[in-house]
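Peer 1: The structure under discussion is supplied below as structure tokens; questions concerning it will follow.
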Amino acid sequence: MPAALTAPLGGALRGVPRQYVAAMAVLVAAVALAVPMARQEGILAALWALGLAAGFTLQRSRFCFASAFRDLFLFGSARIMKAILLGLGVATTGFAAIMHAAVPFPGFGALPPEAHVLPVGISTVLGGLLFGYGMVLSGGCVSGSLYRAAEGYVASWVSLAGVVVGLGFISQTWNWWWATLVSGEPKIWLPATAGLGYAGALALTFAALLVAFVFLIWWEARAGVFALPVAAATRPLTSFRDQLAHMWHAVFMHGWPAAVGGAVLGGIVVVMYTVHMPWGVTGELTRLANASMTSFGAAPPAALGLSDIGGCAARAGETGLFSHTFSVTVGILPGALVGALFAREFKLRFPRSAVRYAQSLGGGVLMGAGSGLAIGCTIGAFFSAIPSLSISGWLFGAALAGGAYLGVQTIRRIP
Amino acid sequence: MKLDVRGEVCPYPMLKAVEAMKKLKGHEEVVVITDHAPCLETIPPQAPRFGYSYSVEQTGSPEWTIRLVPLGGER
């Protein structure tokens, strides 16, 4: 925060760390931006608040889908993957209630509005492999690169630029992919499959989450991963002031345990769906890619079939600056920035070797292409799809793991 | 041995710390300097696998020094 801005505020702020002042300024600006949004459409402001909360949560819990998949193979660690499963459990419960209210009888062929029930087929697998490989190469997935960009990681800015390029490539070639692959792929929604209904679909999803969880515990034990001992408070917290300070540190200074991050994110996606739609971040970046190409006179052709598919990329048609996707995607940036500033973790960080920039850009392009094909990233096609009781989420997750495995083989060879 | 991994992000700081602990085999301590907060949760759990204990000290905003100390001297 420039001294010029803090100086007129005078003595009241003396002794307050500059990053705190900056955090408050960002927060005030973010809230101020909600005013024109609310004038345009009330939902925009609500989604903006949820986007901010999601960014804050991602930053505080250092939630990283890329490392969740990568560390399974690199170190046999499942710390973040277990937190993701917890978040999926929370979100599945909420999504089921929302979908049940919209479509009480799932057997008649109607899919719940906005649910991320995406095509299942080669495009899902190919998209997941490309995305999984790309996120390991670049060191973060799309949501991860968004919150790290706000923390000052310059390599993440490069990754995001790559993602926009990759999404732009798919926008230009989408109709070929549609005709060749996607149009023939079924959307499999569990409640409407094999007479499962909501009860059967929920039982199956929770059983699968439980099996995955136990498998991860075995996986960690096999690799000999140690759990860190929980540090005990050095002295008893007696006074009100002590307790308050302790809470402040727990929320704003120390990183949150991954499990807390997973559960909170699970809750946030449920509230987002209650307001309008499940969380996704590639729709807004597709909008950015398309708008950029249009301004250079290379507008992508009208995309076939996307309007019948839920999820991220299908929302890229919204016009104007503020849109529902803008709120839940761009909102991550100020949310994460506030978190980083309060924790005093903001810093412009430049990679020292040029190889890292190449990794970020290449990984970003692959992630863009992968999420374009799969109609979503680790958020839209995975974290919002499994709770939508869609088979696509599981298949995309498995393909992400495959891509991450291949990515690990590559980065082991890059010093 | 000093490892200055400022500017590097996951998984490189951990990979380099693990590589150093493997190479030194508990004969020497490893001091890791990082500005990447996730390292605080990824490097310490690796220490006991290679016969090391760890301590973390915040040495800047944001900067941390993770000291990996051999357990019980020569192994």
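Peer 1: Under a straight-distance cross-link criterion of Cα-Cα below 15 Å, which aspartates and glutamates are reachable from residue A:187, leaving out those fewer than 8 residues away in the same chain?
Peer 2: Qualifying aspartates and glutamates at Cα under 15 Å: A:114, A:308.
Peer 1: Considering every residue in A:98-106, what mean count of other chain Cβ atoms within 10 Å of its Cβ is obtained?
Peer 2: 0
Peer 1: If you don't mind, another one. Across the stretch A:255-261, in residue order, what do the Karplus-derived ³J(HN,Hα) couplings come to in whole Hz, using 6.51 cos²θ - 1.76 cosθ + 1.60 with θ = phi - 60° and x for Gly and Pro?
Peer 2: With coefficients 6.51, -1.76 and 1.60, one gets x, 6, x, 4, 4, 5, x Hz.
Peer 1: Enter the angle in degrees (range 0 to 90, nearest 10) between the Cα long axis of helix B:12-24 and the first principal axis of the Cα atoms of chain B, meaning the one along which they spread out most.
Peer 2: Around 20 degrees separate the two axes.
Peer 1: Would you kindly state how much longer the chain becomes between residue A:16 and residue A:40 on full extension, computed as 0.36 nm times their sequence separation minus their alpha carbon distance, in nm to one decimal?
Peer 2: So the chain would gain 5.0 nm between residue A:16 and residue A:40.
Peer 1: How would B:14, A:247, B:21 line up from fewest to most surrounding beta-carbon atoms within 10 angstrom?
Peer 2: Arranged by neighbour count, lowest to highest, B:14, A:247, B:21 become A:247, B:21, B:14.
Peer 1: Let me ask another. Given N residues in the stretch A:78-148, what is Rg(Cα) / (2.2 N^0.38 Å)?
Peer 2: 1.44
Peer 1: List the pair-distance distribution P(r) of the stretch A:299-415, using every Cα-Cα distance, as the percent of pairs falling in each 10 Å bin from 0 up to the bin containing the longest distance, rounded to whole percents.
Peer 2: That works out to 10, 29, 36, 22, 3, in percent per bin.
Peer 1: Related question: From the Cα gyration tensor of the stretch A:108-216, with a ≥ b ≥ c the square roots of its eigenvalues, which class applies: rounded if a/c is under 1.5, or else prolate if a/b is larger than b/c, or else oblate?
Peer 2: In terms of gyration-tensor shape, oblate.
Peer 1: Provide the packing ranking of A:195-208, A:318-331, A:168-181, i.e. peptides ordered by the mean count of other C-beta atoms within 10 Å per residue, highest first. Walk me through the intermediate numbers first.
Peer 2: Details: A:195-208: 15.9, A:318-331: 20.1, A:168-181: 17.8.
Put in order of decreasing packing, that is A:318-331, A:168-181, A:195-208.
Peer 1: Apply the a/c threshold of 1.5 to the C-alpha gyration tensor of chain A and tell me whether it is rounded, prolate or oblate.
Peer 2: On the way: a/c = 1.41, a/b = 1.27, b/c = 1.11.
Rounded, since a/c falls under 1.5.
Peer 1: While we're on this one: Just tell me which aspartates and glutamates come within less than 12 Å, Cα to Cα, of residue B:16; anything on the same chain fewer than 8 places away is out.
Peer 2: Of all the aspartates and glutamates, those that pass the test against residue B:16 - Cα under 12 Å, at least 8 places apart if same chain - are B:4, B:8.
Peer 1: What's the Cα-based Rg to Rh of the stretch B:24-64, Rh via Kirkwood?
Peer 2: 0.98
Peer 1: Quickly work out the residue B:19-to-residue A:274 label distance, labels modelled 7 Å from Cα along the C-beta direction, and quote it in nm with one decimal.
Peer 2: My value for the distance between the label points is 4.9 nm.
Peer 1: Please list log₁₀ I(q)/I(0) at q = 0.15, 0.16, 0.19 Å⁻¹ for chain B, using the Debye equation with identical point scatterers on the alpha-carbon positions.
Peer 2: -0.41, -0.47, -0.66
Peer 1: Continuing with the same structure: Would you mind working out the magnitude of the charge dipole of the protein assembly as shown relative to its Cα centre, with +1 at each Lys and Arg C-beta and -1 at each Asp and Glu C-beta, to the nearest 20 Debye?
Peer 2: Taking the Cα centre of the protein assembly as shown as origin, the dipole is about 980 debye.
Peer 1: Longest exposed-loop-site-free stretch of chain A, with trypsin sites (Lys or Arg not before Pro), DSSP loop and at most 10 other Cβ within 10 Å?
Peer 2: A:15-412
Peer 1: Which whole-number percent gives the relative contact order of chain A, counting Cα pairs below 8 Å spaced six or more residues apart?
Peer 2: Relative contact order, chain A: 40 percent.
Laboratory data are not the source of any read-out in this text; all were calculated from the coordinates shown. Bear in mind the structure is a predicted one, so any value in this text is a computation, not a measurement. All Cβ positions, even for glycine, are placed from backbone atoms using ideal geometry, and neighbour counts span all protein chains on display.
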